[in-house]
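Everything below concerns the one structure shown next.
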Amino acid sequence: MAALVGPDAAAQKGGFRKLAPGVLTVIPPDKTSADELLHGDLLEVTEGLSRPPENMVWEPKRAPANTTLVERARGRSFPRDIWCLEFAFKPPRMIEVDIPAADLKMQRKRVWYLVYRVKNTGGRRTVIDKQDPTKLTTVPFETPVRFIPHFVLESLEALSDAEDLAKHRAYLDRVVPAAMEAIRRREDPRQRFYNSAEMVAKELAFGEERWGVAVWTDVDPRIDFFSIYASGLTNSIRWRKRKGAVINANDPPGSDMEVALESLRLDFWLPAAAGAAEQEMSVGYRGMFERMTLGSRVLEAAGWPATTKSNPAAALERMGLKWDDLLEPGGGGGPSLLPLEKVLGTIAGLKDPGARATLVREMFGDVGEAALESLAAAAAGPVDAEQDKRRRAALQAMDLTPEQVGKDPYSALARIVGKLDSQPGYAQRQAMAARCFGPAGRRLEWLSKGAKAARALAALESVAIDPSSMATSNAQAAFDAVRPSISAEADPAVRQKVLQGVFGPRGPELFAAAVAVHEGIDHDWIFRYDTDGPGL
């Protein structure tokens with residue numbers, strides 16, 4: 001059987017803990033909060049009976065003010081018996097198994113799974129001293145527990161241009177009988193493993209431990225960073241008034257409240273997730289995804305000049321553009337094309353064709369110059385009759401014709417890019433680009449990255465960071481290199497603008513998440529309300 005180790009027993013390396021297969025990490029029951037005695041108002045009284053016509057707020061003449069019904073409903077104590085299971089887990093793994101499909105045929109699928117062990121260590125309750133009611137004592141007690149497992153695998157990760165910087169993905173634990181036997185043979189043929197449905201059938205006696213498996217199917221194979229949320233390990237709860245709720249006197253108790261059970265969050269990292277099913281998953285930490293994502297953005301910008309043989313920051317300066325002129329608006333629809341639109345519009349305003357060509361090469365390199373020529377040719381040059389019909393219809397909506405594009409390509413391209421950027425979604429933008437440019441439309445995203453790289457490089461230089469010094473860094477090192485200078489900016493408005501310039505519109509939000517938690521914190525006990533949104 002696997003050795004039992006504490007959560008800090010494995011060596012730290014590169015911001016994550018790499019666990020050997022079979023090693024069990026034990027997380028003791030959460031005893032950090034005094035959940036056995038909660039306090040709160042009876043809102044059905046303090047709010048529901050405080051307005052006309054039932055208004056029961058009054059000031060007694062011959063009794064203390066706190067003896068009225070409304071005042072006595074404030075700050076009430078709610079004692080509860082609290083239990084919390086000890087939870088232990090092995091590193092998540094993948095396995096390929098044959099699963100019955102809808103057509104009754106077997107289908108080979110890769111499933112993700114987590115082997116875990118739960119143990120009933122009892123509970124705790126608050127006891128009031130009979131002689132002195134102000135004296136409270138917390139005592140342990142033994143109780144059977146019915147574990148109702150609820151495992152959710154979640155990821156916030158940029159996986160394509162259409163999904164922009166982050167997109168929420170969540171997968172519920174599933175009962176897959178066909179996978180259980182294969183997992184048992186792989187992990188320990190002598191051990192009984194329960195799936196989530198079997199785990200509920202019988203209570204855990206005090207001191208009893210039980211092994212289980214959480215299974216997920218159809219997980220996006222591109223995911224590298226993810227968290228697993230385990231609920232049902234404790235009966236500890238929190239409650240709050242639902243946002244926007246107006247509590248009336250006749251409302252049933254609790255109908256305007258929302259309740260959250262305490263969950264355990266486990267953080268993991270899977271390098272090159274699309275690789276072999278035997279690949280190990282490593283323990284990560286909260287904020288690791290954000291750090292690696294932001295560091296990757298820095299590396300992408302820092303490597304742009306060498307990759308394209310360009311000098312985009314200098315090109316911005318020669319155009320008379322400031323890096324904050326290229327800041328993008330927030331919102332959906334995929335990455336904004338506004339920076340590219342402004343760059344093309346500025347180049348179009350130059351009267352000297354030679355100066356235009358020089359700035360294009362300085363901004364985008366020779367490859368970028370060829371890409372722009374390809375786009376102009378696709379929008380103005382000869383094409384087959386069907387594509388010409390689609391092209392003319394799309395350009396007409398922009399008050400353009402192919403002939404006008406040919407006469408003034410930079411101005412026309414700037415207008416087209418602006419129109420594309422105004423589309424409500426990424427799919428609509430791609431469809432319009434295909435109508436205007438055919439297959440050449442793919443080059444727009446690459447040119448857009450060049451404009452954003454210019455902005456990022458200039459923004460880094462504004463806080464005395466030399467991007468060229470990061471050419472050989474990895475993503476974590478790149479983030480660590482830029483973090484001190486950005487954090488040292490005393491003016492919050494300037495700091496936010498720099499973050500937007502380097503990382504895009506969600507830069508401030510992701511940077512805050514990246515620096516909020518210290519490395520090494522690979523799990524946490526949290527309360528998540530349904531209305532909090534993904535990943536909170």
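Within the range 255-264, identify whether any single residue is of a type outside the set (A, V, I, L, M), closer than 30 Å to Lys90 by Cα and modelled with pLDDT of 90 or more, and answer yes or no.
First, the residues of the range 255-264 that are of a type outside the set (A, V, I, L, M): 255-256, 258, 262-263.
Then keep just the ones that are closer than 30 Å to Lys90 by Cα; that gives 262-263.
Still in the list and also modelled with pLDDT of 90 or more: 262-263.
Yes.
Within the range 397-408, how many residues turn out to be in a helix (DSSP H, G or I) and surrounded by fewer than 21 Cβ atoms within 10 Å (Cβ to Cβ)?
Total satisfying the criteria: 5.
Which one of Ala440, Ala454, Ala478 is part of a helix (DSSP H, G or I), touching a Ser or Thr at 6+ places or on another chain (Cβ under 6 Å) and of a type outside the set (S, T, N, Q)? Reasoning before the result, please.
Details: Ala454 fails: touching a Ser or Thr at 6+ places or on another chain (Cβ under 6 Å); Ala478 fails: touching a Ser or Thr at 6+ places or on another chain (Cβ under 6 Å).
It is Ala440.
Considering only the range 483-495, how many residues are out of contact with any Asp or Glu (no Cβ under 9 Å at 6 or more places or on another chain) and assigned to a helix (DSSP H, G or I)? Break it down stepwise before answering.
Quick first cut of the range 483-495, residues out of contact with any Asp or Glu (no Cβ under 9 Å at 6 or more places or on another chain) only: 483-494.
Okay, now just the ones that are also assigned to a helix (DSSP H, G or I), so 483-487, 492-494.
Residues meeting the conditions: 8.
Could you check the range 327-372 and list, in sequence order, the residues that are under 16 Å from Arg415 (Cα atoms) and assigned to a helix (DSSP H, G or I)?
Result: Leu338, Pro339, Leu340, Glu341, Lys342, Val343, Leu344, Gly345, Thr346, Ile347, Ala348, Leu372.
Under 6 Å between Cβ atoms, which residue pairs at least 6 apart in sequence (or on different chains) link something in the range 182-193 that is in the same structural domain as Trp112 (by TED's automatic domain parsing) with a partner that is among the charged types (D, E, K, R) and assigned to a helix (DSSP H, G or I)?
Close Cβ pairs satisfying both conditions: Phe193/Arg184.
Of everything in the range 213-245 that's assigned to a strand (DSSP E or B) and touching a Ser or Thr at 6+ places or on another chain (Cβ under 7 Å), which residue is surrounded by the most Cβ atoms within 10 Å (Cβ to Cβ)? Reasoning before the result, please.
Pass one, the range 213-245, residues assigned to a strand (DSSP E or B): 213-217, 225-231, 234, 237-241.
Going one step further and asking which of them are touching a Ser or Thr at 6+ places or on another chain (Cβ under 7 Å), we end up with 214, 225-226, 229-231.
Working: Ala214: 24, Phe225: 20, Phe226: 27, Tyr229: 17, Ala230: 23, Ser231: 16.
Among those residues, the one meeting the criterion is Phe226.
Among the candidates Leu233, Leu316, Leu261, which residue alone is farther than 30 Å from Thr121 by Cα and aliphatic (A, V, I, L, M)?
Working: Leu233 fails: farther than 30 Å from Thr121 by Cα; Leu261 fails: farther than 30 Å from Thr121 by Cα.
It is Leu316.
Return the residues of the range 32-47 that are surrounded by 14 or more Cβ atoms within 10 Å (Cβ to Cβ), within 33 Å of the chain's Cα centre (by Cα) and in a loop (DSSP other than H, G, I, E, B); say none if nothing qualifies.
Hits for the range 32-47 are Asp35, Glu36.
With the requirement that a residue be in a helix (DSSP H, G or I) and among the charged types (D, E, K, R), what does the range 373-396 give you?
Our first condition is that a residue be in a helix (DSSP H, G or I); within the range 373-396, this holds for 373-380, 385-396.
Across the range 373-396, the qualifying residues are Glu373, Glu386, Asp388, Lys389, Arg390, Arg391, Arg392.
If you take the residues of the range 496-525 that are modelled with pLDDT under 85 and either on the phi > 0 side of the Ramachandran plot or in a helix (DSSP H, G or I) (or both), which of them is surrounded by the most Cβ atoms within 10 Å (Cβ to Cβ)?
Top of the filtered list is Gly520.
Output the number of residues of the range 24-52 satisfying the condition of being of a type in the set (S, T, N, Q) and in contact with a Ser or Thr (Cβ under 9 Å, 6 or more places away or on another chain).
Our first condition is that a residue be of a type in the set (S, T, N, Q); within the range 24-52, this holds for 25, 32-33, 46, 50.
This time we only want the ones that are in contact with a Ser or Thr (Cβ under 9 Å, 6 or more places away or on another chain), so: 33.
Final tally of qualifying residues: 1.
Mind listing whichever residues of the range 291-314 are out of contact with any Gly (no Cβ under 8 Å at 6 or more places or on another chain), small (Gly, Ala, Ser) and either surrounded by fewer than 23 Cβ atoms within 10 Å (Cβ to Cβ) or not in a helix (DSSP H, G or I) (or both)?
Ser296, Gly303, Ala306, Ala314
Given the conditions (1) at pLDDT below 85; (2) farther than 30 Å from Trp83 by Cα; (3) within 17 Å of the chain's Cα centre (by Cα), report the number of the one that Ala471 does not fulfil.
The single condition Ala471 does not satisfy is (3).
Take Ala379 and decide whether it is hydrophobic (A, V, I, L, M, F, W, C) and out of contact with any Pro (no Cβ under 8 Å at 6 or more places or on another chain). Before you say what the answer is, go through the steps one by one.
Details: hydrophobic (A, V, I, L, M, F, W, C): yes; out of contact with any Pro (no Cβ under 8 Å at 6 or more places or on another chain): no.
Judged against the criteria, Ala379 is not a match.
For the structure I just gave you, tell me whether Arg455 is of a type in the set (Lys, Arg), farther than 19 Å from Pro329 by Cβ and crowded, with 17+ Cβ neighbours inside 10 Å.
Values: of a type in the set (Lys, Arg): yes; farther than 19 Å from Pro329 by Cβ: no; crowded, with 17+ Cβ neighbours inside 10 Å: yes.
Answer is no for this residue.
Determine the pairs where a residue that is over 19 Å from Val367 (Cβ atoms), located within the range 305-321, has a partner that is of a type in the set (A, V, I, L, M) and modelled with pLDDT under 95 with Cβ atoms under 7 Å apart, the partner being 6 or more residues away or on another chain.
Pairs found: Arg318/Leu359; Met319/Leu359.
Yes or no: the range 319-327 includes at least one residue that is closer than 25 Å to Ala459 by Cβ, exposed (fewer than 15 other Cβ atoms within 10 Å of the Cβ) and in the same structural domain as Leu457 (by TED's automatic domain parsing). Spell out how you get there, then give the answer.
Going through the range 319-327, the residues closer than 25 Å to Ala459 by Cβ turn out to be 319-327.
Right, trim to exposed (fewer than 15 other Cβ atoms within 10 Å of the Cβ) and you get 320.
If we keep only those that are in the same structural domain as Leu457 (by TED's automatic domain parsing) as well, we get 320.
Yes, the conditions are met somewhere in the range 319-327.
Is at least one residue of the range 18-29 assigned to a loop (DSSP other than H, G, I, E, B), modelled with pLDDT of 85 or more and either surrounded by 12 or more Cβ atoms within 10 Å (Cβ to Cβ) or not assigned by TED's automatic domain parsing to the domain that holds Leu136 (or both)? Can you show your working first?
Within the range 18-29, the subset assigned to a loop (DSSP other than H, G, I, E, B) is 18-23, 28-29.
Retained after the next criterion (residues that are modelled with pLDDT of 85 or more): 28-29.
Next, only the ones that are either surrounded by 12 or more Cβ atoms within 10 Å (Cβ to Cβ) or not assigned by TED's automatic domain parsing to the domain that holds Leu136 (or both) stay: 28-29.
Within the range 18-29 (the criterion being assigned to a loop (DSSP other than H, G, I, E, B), modelled with pLDDT of 85 or more and either surrounded by 12 or more Cβ atoms within 10 Å (Cβ to Cβ) or not assigned by TED's automatic domain parsing to the domain that holds Leu136 (or both)), the answer is yes, since at least one residue qualifies.
The values are calculated or read from the model by the stated rules, or taken from the named source; none is laboratory data. In this text the structure is predicted, and so the values were computed from the model without any measurement. With ideal geometry, Cβ positions are generated from the backbone for all residues, glycine too; neighbour counts draw on all protein chains shown.
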